[in-house]
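The structure is given below, and queries will be raised subsequently.
The values are calculated or read from the model by the stated rules, or taken from the named source; none is laboratory data. If you're wondering where the values come from, they're calculated on a predicted model, not measured in any experiment. Counting neighbours? That spans all protein chains shown, and the Cβs are built from the backbone with ideal geometry, glycine included.
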Amino acid sequence: MLNFARFVVTRALMAAMTLVIVSLVVFSLMELVPGDCAERYLAFKNTQGSGISVADIELERQRLGLDKPFLQRWALWIVNAFQGEFGDSCILRVNIAQLLGDKFWLSLSICMASLALAYIIAIPVGILAASSQNAFLNNSLRIVSYLGLAMPNFLLALMIMLFATVYFGETLTGLFSSEFRDAPWSFAKFLDLLKHAWLPIFILGWSATAFALQTVRALMFDEIGKLYVTAAAARGVHGRKLLWGYPARHALGPIVNSLGFDLNRIFNELPIVALILVMTDAGALLIEALARSNDQQLAGAIIFLLTASIVALNFTTDVALAVIDPRVRKSIIR
Amino acid sequence: MTPLIEVESLTLQFRTDEGLITAVEDVSFTLMKGEVMGLVGESGSGKSVTAKSLMHLNARNAVYSPESRITLHADTGPVDVLSLRTPRELNVVRGGAISMIFQEPMASFAPAITIGKQMVEQLLLHSDMSKGTAKSVSIEMLDRVGISDAARRFDQYAFELSGGMRQRAMIAMALSTNPSLLIADEPTTALDVTIQAQVIDLMKDLVSEFGMGIIFITHDLGVVAQTADRVNVMYLGRLVEEGPVREVIRNPRHPYTQGLIAALPKLEDLDAPLTPVPGDIPSPLERPAGCVFNTRCSQVVGEECMALVPTNCRLDETHSVACHIYREAAE
């Protein structure tokens with residue numbers, strides 16, 4: 001037990017180290033963007049008609065602390081980042097933590113929900129498909145899977161929107177109805193969110209499910225063909241006990257392992273889907289920050305949070321794997 | 001001596017995309033209670049498939065011919081193995097009256113389930129024991145096969161044991177339900193020679209102690225000579241020679257058996273060249289007409305070898321061979 005605790009702590013420290021290294025990369029990338037926040041802000045002011053001088057820029061730099069050395073600024077940034085504080089946006093001039101507010105957690109929840117949807121479908125269906133000899137079932141699953149893998153998410157999103165608009169006269173965009181958008185959280189707002197969120201969850205979950213289905217099925221095929229399954233059958237183990245207790249039990253480890261990878265994929269697809277569905281979530285903000293306004297502070301904060309989520313999930317799956325698989329667990333305890 | 005299991009005209013084909021593939025053809029033999037039978041042949045000779053049919057354990061695409069019959073004389077009465085369908089019916093041949101040990105002990109234990117849990121599961125399936133009794137019986141059995149510190153091993157996983165230890169544990173598991181027939185599919189092939197000798201000794205001890213019949217599948221004639229009372233030689237799904245083990249090894253009659261014995265390296269004459277059986281075992285998709293061995297036989301006697309399937313010729317009370325050379329002698 002003590003060893004297990006030590007393992008968890010070591011893994012947590014490694015995860016934190018990973019985040020620190022990632023933060024250095026992210027911070028360096030933010031620096032590489034031509035110009036800094038001070039210039040950007042004053043350039044913006046200039047377009048508003050007020051004249052600026054080099055001295056104004058210097059003053060602004062000092063105010064923002066941009067005149068300090070790189071490493072010092074990075075250290076400050078990372079210490080704040082671990083406390084959820086990312087400073088002000090360069091362009092919008094508001095606190096990033098406030099600006100992101102619920103948006104980041106909403107995005108993360110949508111991604112996690114898609115991931116959960118994918119595996120809730122893929123695990124039982126994949127296991128049954130692998131153990132069934134039914135050609136019809138297997139072939140139809142294959143077609144659905146290929147459709148899911150081959151069809152881009154944005155196309156699916158556009159098709160569903162088109163369909164909804166033409167046949168139901170409804171526009172399925174945004175995450176909230178207008179009356180709830182700025183309202184404080186309440187049960188009614190939560191229900192309203194569910195009413196809207198199913199679409200992005202479905203669209204993101206669609207290809208994730210197809211992908212997970214292929215993974216689960218392939219892993220199960222591997223396990224079913226193994227000698228220990230035949231050996232268990234030769235001892236009289238049969239039916240569900242044989243299927244779930246032997247091959248499915250042993251395919252679980254690699255399935256858990258693939259979760260972190262899948263979350264990463266879903267996150268990557270989120271901004272495009274968000275853009276099409278006109279959702280003002282973190283993904284949409286990221287595109288806005290990166291592609292339109294060059295807002296390096298905001299982009300850096302979002303990228304850091306995304307990475308932190310993936311590192312956190314990987315940490316969780318590592319620990320879960322140690323719980324599930326005695327080979328991993330015993331190698332820790334020894 | 002009373003028969004333990006009788007196999008009559010066992011013919012088994014697999015339904016594949018390339019059509020029906022014959023894996024076993026017209027195989028008949030009888031194993032007596034307490035007898036050890038060696039089943040010898042190259043890979044692809046159908047020995048494992050034959051053994052698996054005794055537990056009705058072949059893949060779902062297996063097709064048995066209507067004449068095939070396997071009768072197990074269990075304590076409760078004769079059982080027609082091939083007519084068993086439901087898991088409850090199959091229980092008697094799967095871990096009940098018949099147990100099987102596999103070639104790779106590492107691969108035949110589930111890697112993420114403790115050895116003890118797998119043993120207890122089997123005992124609960126085949127007896128009315130309580131979990132506690134099943135556990136103590138399992139530990140006793142592990143101890144019996146020479147595993148030290150059995151109570152601790154009970155809670156360990158296969159990957160924590162050495163190769164020889166794993167095979168001992170496998171034997172303990174197979175014998176825990178007190179079967180009347182043990183099928184050992186190349187149980188020593190994956191082991192070091194020294195461990196191999198230990199495991200063979202252990203199996204011999206246990207046979208005399210438990211009085212069960214054993215079918216020992218191997219390609220190693222040396223192992224057969226040490227363990228078996230009788231030997232059946234298989235080639236491409238057919239039984240080609242059958243007899244007492246010493247008689248067959250000293251006086252092999254079928255050209256294939258002769259080839260197998262000549263191919264063994266001889267320690268007393270290290271300079272003697274190895275004489276392998278020429279050629280390869282043909283693909284089951286291209287089974288030769290007539291005698292299945294005619295593509296590699298050095299003693300073809302004539303047209304009949306190419307056209308006629310040789311019948312079993314009794315050479316004496318116990319020794320028989322399926323070869324055209326001996327047909328006239330027998331008539």
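In segment B:150-172, how many are assigned to a helix (DSSP H, G or I) and touching a Ser or Thr at 6+ places or on another chain (Cβ under 8 Å)?
The qualifying residues number 4.
Answer with yes or no whether B:Ile139 is in contact (Cβ under 8 Å) with a residue 24 or more places away in the chain, more than 30 Å from B:Ser65 (Cβ to Cβ), of a type in the set (A, V, I, L, M) and not assigned by TED's automatic domain parsing to the domain that holds B:Gln196.
In short, no.
If you take just the helices (runs of 4 or more DSSP H) that sit entirely in segment A:1-85, which of them hold at least 2 residues that are in contact (Cβ under 8 Å) with a residue 40 or more places away in the chain, among the aromatic types (Phe, Trp, Tyr) and closer than 23 Å to A:Leu306 by Cα?
Those helices (runs of 4 or more DSSP H) span A:70-82.
Now for a different question. Going by the conditions given, is B:Leu39 touching a Lys or Arg at 6+ places or on another chain (Cβ under 9 Å) and closer than 30 Å to A:Gly239 by Cα?
no
Over 30 Å from B:Pro111 (Cβ atoms) and either out of contact with any Cys (no Cβ under 9 Å at 6 or more places or on another chain) or surrounded by 16 or more Cβ atoms within 10 Å (Cβ to Cβ) (or both): does that describe B:Gly164?
Taking the combined requirement at face value, the residue does not satisfy it.
Could you grab me the full set of residues in segment A:212-257 that are at the interface with another protein chain (Cβ under 7 Å from one of its Cβ atoms) and either under 30 Å from A:Gly148 (Cα atoms) or in contact (Cβ under 8 Å) with a residue 12 or more places away in the chain (or both)?
Within segment A:212-257, A:Lys226, A:Tyr228, A:Ala232, A:Tyr246, A:Arg249, A:His250 qualify.
To keep it simple, each residue is scored yes or no on (1) touching a Phe, Trp or Tyr at 6+ places or on another chain (Cβ under 6 Å); (2) surrounded by 13 or more Cβ atoms within 10 Å (Cβ to Cβ); (3) farther than 18 Å from A:Gln72 by Cβ; (4) not assigned by TED's automatic domain parsing to the domain that holds A:Gln296.
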| position | (1), (2), (3), (4) |
| --- | --- |
| A:Thr18 | no, yes, yes, yes |
| A:Val22 | no, yes, yes, yes |
| A:Met30 | no, yes, no, yes |
| A:Val33 | no, yes, yes, yes |
| A:Cys37 | no, yes, no, yes |
| A:Arg40 | no, yes, yes, yes |
| A:Thr47 | no, no, yes, yes |
| A:Ile52 | no, yes, yes, yes |
| A:Asp56 | no, yes, yes, yes |
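While we're here: Based on this model, can you work out whether B:Pro187 counts as free of Cβ contacts under 8 Å to residues at least 60 places away in the same chain and part of a loop (DSSP other than H, G, I, E, B)?
For B:Pro187, the condition - free of Cβ contacts under 8 Å to residues at least 60 places away in the same chain and part of a loop (DSSP other than H, G, I, E, B) - is not met.
Confirm whether B:Ile217 is among the β-branched types (Val, Ile, Thr), part of a helix (DSSP H, G or I), in contact (Cβ under 8 Å) with a residue 12 or more places away in the chain and closer than 21 Å to B:Leu264 by Cβ.
Spelling it out, it is not the case that B:Ile217 is among the β-branched types (Val, Ile, Thr), part of a helix (DSSP H, G or I), in contact (Cβ under 8 Å) with a residue 12 or more places away in the chain and closer than 21 Å to B:Leu264 by Cβ.
For B:Gly211, are the conditions met, namely being on the phi > 0 side of the Ramachandran plot and buried (at least 22 other Cβ atoms within 10 Å of the Cβ)?
no
I need the full set of residues from segment B:37-48 which are surrounded by fewer than 23 Cβ atoms within 10 Å (Cβ to Cβ) and of a type outside the set (S, T, N, Q), in order please.
Matches in segment B:37-48: B:Glu42, B:Gly44.
Here is a further query. May I ask you to verify whether A:Thr215 is of a type in the set (Ser, Thr, Tyr), modelled with pLDDT of 90 or more and assigned to a helix (DSSP H, G or I)?
Numbers: of a type in the set (Ser, Thr, Tyr): yes; modelled with pLDDT of 90 or more: no; assigned to a helix (DSSP H, G or I): yes.
Spelling it out, it is not the case that A:Thr215 is of a type in the set (Ser, Thr, Tyr), modelled with pLDDT of 90 or more and assigned to a helix (DSSP H, G or I).
Let me ask another. Pull up segment B:251-272, narrow it to residues that are under 19 Å from B:Val223 (Cβ atoms) and of a type in the set (A, V, I, L, M, F, W, C), then point me to the one that is surrounded by the fewest Cβ atoms within 10 Å (Cβ to Cβ).
B:Leu267
Return the only residue of B:Val240, B:Val292, B:Val248 being assigned to a loop (DSSP other than H, G, I, E, B), surrounded by 19 or more Cβ atoms within 10 Å (Cβ to Cβ), touching a strand residue (DSSP E or B) at 6+ places or on another chain (Cβ under 8 Å) and not small (Gly, Ala, Ser).
B:Val292
Another question, if that's okay. Which residues, counting only those in segment B:63-89, are within 13 Å of another protein chain (Cβ to nearest Cβ) and hydrophobic (A, V, I, L, M, F, W, C)?
The first filter runs over segment B:63-89 and keeps only residues within 13 Å of another protein chain (Cβ to nearest Cβ), leaving B:84-89.
Once the filter is applied, which keeps residues that are within 13 Å of another protein chain (Cβ to nearest Cβ) and hydrophobic (A, V, I, L, M, F, W, C), segment B:63-89 yields only B:Leu84.
Moving to a separate point now. Does A:Leu141 satisfy being assigned to a helix (DSSP H, G or I) and either basic (Lys, Arg) or buried (at least 18 other Cβ atoms within 10 Å of the Cβ) (or both)?
Numbers: assigned to a helix (DSSP H, G or I): yes; either basic (Lys, Arg) or buried (at least 18 other Cβ atoms within 10 Å of the Cβ) (or both): yes.
So A:Leu141 fits the description; yes.
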